[in-house]
Amino acid sequence: MYRVEPVDEEIAAAIDELPERFLVTFTELRVALEVAPWSVGGPYHPANPPGSRSATFGPDDRGLVVFAVKDSDRHVLWLWSVLVAPD
């Protein structure tokens, strides 16, 4: 299992403030990252496949997370974004 955690308090606060309708799919995304993070989402920048990754979640895929996988210590970090597009 991989350890999944926010990189700072701002990201932790964004996760805590997710709208209720996004919580189930966000939880499913988090579990997938714990088990097989390289199978989640895709490269954040296509020219750098082993770099940061992004994945969508929630209704109409309106939630976005950007994360990095560190295989050496089985660690996944939420990086710059955990956000929801406005209605």
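For the reader, a short list of remarks on this structure follows.
- Being assigned to a helix (DSSP H, G or I), within 17 Å of T25 (Cβ to Cβ) and without any contact (Cβ under 8 Å) to a residue 40 or more places away in the chain is a property that D87 lacks.
- Residue, modelled with the highest pLDDT, within region 38-84, restricted to residues that are of a type in the set (D, E, K, R) and in a strand (DSSP E or B): R53
- Enumeration of residues in region 15-30 that are surrounded by 13 or more Cβ atoms within 10 Å (Cβ to Cβ) and more than 17 Å from D61 (Cβ to Cβ): I15
- R62 within 15 Å of A85 (Cβ to Cβ), buried (at least 16 other Cβ atoms within 10 Å of the Cβ) and in contact (Cβ under 8 Å) with a residue 12 or more places away in the chain: yes
The values are calculated or read from the model by the stated rules, or taken from the named source; none is laboratory data. Source: prediction; values computed, not measured. Note that we place each Cβ from the backbone using ideal geometry, even for glycine, and neighbour counts take in every protein chain shown.
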